[in-house]
1. I'd like the full set of residues that are farther than 22 Å from Trp356 by Cα and surrounded by 15 or more Cβ atoms within 10 Å (Cβ to Cβ), limited to segment 386-426.
2. Here is a check on your reading of the model: is Leu332 buried (at least 19 other Cβ atoms within 10 Å of the Cβ), without any contact (Cβ under 8 Å) to a residue 60 or more places away in the chain and not in a helix (DSSP H, G or I)?
3. Give me a count of the residues in segment 464-506 that are within 14 Å of Ile366 (Cβ to Cβ), outside any loop (DSSP other than H, G, I, E, B) and modelled with pLDDT under 50.
4. Any chance segment 351-363 includes a residue that's under 21 Å from the mean Cα position of the chain (by Cα) and either surrounded by fewer than 17 Cβ atoms within 10 Å (Cβ to Cβ) or outside any helix (DSSP H, G or I) (or both)?
5. Under 7 Å between Cβ atoms, at least 6 apart or on separate chains: pull out the pairs that start in segment 335-347 with a residue that is outside any helix (DSSP H, G or I) and end on any residue that is among the charged types (D, E, K, R) and surrounded by fewer than 18 Cβ atoms within 10 Å (Cβ to Cβ).
6. So for segment 277-285 (the condition being outside the structural domain of Arg194 (by TED's automatic domain parsing), at pLDDT below 95 and of a type in the set (Phe, Trp, Tyr)), does at least one residue qualify?
Amino acid sequence: MRSVLILGSGRSGTSMLAGAFAHAGWHVGADPYPARSSNPKGFFESKEINGVNEYLLALGEGDRLGPWQRWLAELPLDWRCPTDVRAQQRIAALVRRAPYCFKDPRLAYTLPAWSPFTQDALRVCVFRHPLAVARSIVKECAQESYLRGVDMSVETALAAWLAAHRRILDSLRADGEWCFVHYDQVLSGEGLARLESLVGAPLAREFPDASLQRNVADSELGGELAATYAQLCELSRRPGALVGAPSTHAPRASAMPLGLSPASAIASGYAAELRRWLESGVEGASSTWRELRGLDAPECEQRLLDLLPQAGAWARSSTPAARAGLARVEALEALARAHRAHATRTWSELETLAPWPIASSTSLRIACWPKWNYAALVELLSQWSAHVSPEVRCALVLRHDAAADGALQDALAQLQRAYDSCFDPARELEVHVLGPEFDRARPQRLARSVLAVLTLDGDARSARLARESGARTLEDFTELGRVLEAAVLDPRVVIDQAAIARAAAS
């Protein structure tokens, strides 16, 4: 099964053809647009594909058309499609799932940006009598709310049809293998049979439905419109794939690389907050952090897609509003990268990977959940003093649950009393308490913050803490002493010192 790119003016039967591929197993992008009155069987077109093309067009097309309206663009033959790292990364990710069938009228202008990533894909141009297309476009613009404000007439639609198809014929045909298919050939099955031989697999021949044809051509064409339509019809009668060349007078289509502007201070700051959080568990403090905290990967991607058509225009502008909009895009991209890098789909999954923040001066920490009475705490601190060398800087992390252990203030008073009675006052002891804020935490985060959990000879509560966190378990102080000595000699078991320093500093 060979991947396919479908080009051609909107309202030309592109959805009908894409549906025949989609129902035969081709991937058309995530969450295709739902059916509506203009396409009752569906569009087989995805916002993630359209969004990239909207972004590319907005980088260079100007502001005559608004977001999501640029499938109606009419651009000169010498217009060059811009591209940048943002677009290239998104395209590279989209084509990984094959076989794909990506359909978008905007590809008539943006194909050069896709070309380096889609060389093996068959290019299919599906077309229809331009008058039927123009009337359908005018009707669509009158019905759909997102097209309000577009000044559309039959003459304007014909000009857009001509510009797109002249670009395909005169410029794009030099790129890859092509197949030209008339709308009527899709309905009759002749065009589908030809495509099946080119992609090496059967298509859903039952999908095209002639009863949905609503606009017909009842007038003759003239001039360049007639010549272009005749050329397309002639190409559609040729068997096999066509490897063509552009007209001698036309420039070869190629993308115009643009450099990405340096990330804004807002986006850079958010990216740094995100890295620090994943390294040390320290929460960010910026308004961007608060806004994006809790965002799952799918919602993050959806917000990016919603902003992409405007991001291209923002990248060309230096106004404060444009800079703020682009900073928002960049911050969302940073979060999306974090989700992808860690293969997480939800914020909860990502949060599990962040250590529980412990502002410690040492990277060696041992946790336990003691009984918060004087006798138990004296036993704990006495054993700690006997088995943990004063030369080893190790912090003790104690779990406290008010429901089970009583008031935290009383527990800390008992801890101070035990320390005063059995610990060498000349020796420092660093203690951190996991209090009420940890009650709502994901216990797995603790395993990324401590070296191990001391279960105090099988104490059930410490064993539960170790089990729920997934941390390493130490059953007695003798084992603890050996592990700490080994940790001092083996830096691989020491938590990232840079992350510890950042956590302590904050």
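The values are calculated or read from the model by the stated rules, or taken from the named source; none is laboratory data. For clarity, every value in this text was computed on a predicted model and none was experimentally measured. We place every Cβ from the backbone using ideal geometry, glycine too, and count neighbours over all the protein chains shown.
1. Scanning segment 386-426 gives His387, Val388, Gln414, Leu415, Ala418, Tyr419, Cys422, Phe423.
2. Working: buried (at least 19 other Cβ atoms within 10 Å of the Cβ): yes; without any contact (Cβ under 8 Å) to a residue 60 or more places away in the chain: yes; not in a helix (DSSP H, G or I): no.
The answer is no for Leu332.
3. Step one: list which residues in segment 464-506 are within 14 Å of Ile366 (Cβ to Cβ), which gives 465-466, 469, 471-488, 493-495.
From what is left, the residues that are outside any loop (DSSP other than H, G, I, E, B) are 465-466, 469, 473-474, 477-488, 493.
Retained after the next criterion (residues that are modelled with pLDDT under 50): 493.
Total satisfying the criteria: 1.
4. Here is the first cut: in segment 351-363, the residues under 21 Å from the mean Cα position of the chain (by Cα) are 351-354.
Within this subset, residues satisfying the condition of being either surrounded by fewer than 17 Cβ atoms within 10 Å (Cβ to Cβ) or outside any helix (DSSP H, G or I) (or both) are 353-354.
Yes, segment 351-363 has at least one match.
5. Qualifying pairs under 7 Å: Arg345/Asp296; Thr346/Asp296.
6. No - not one qualifying residue is present in segment 277-285.
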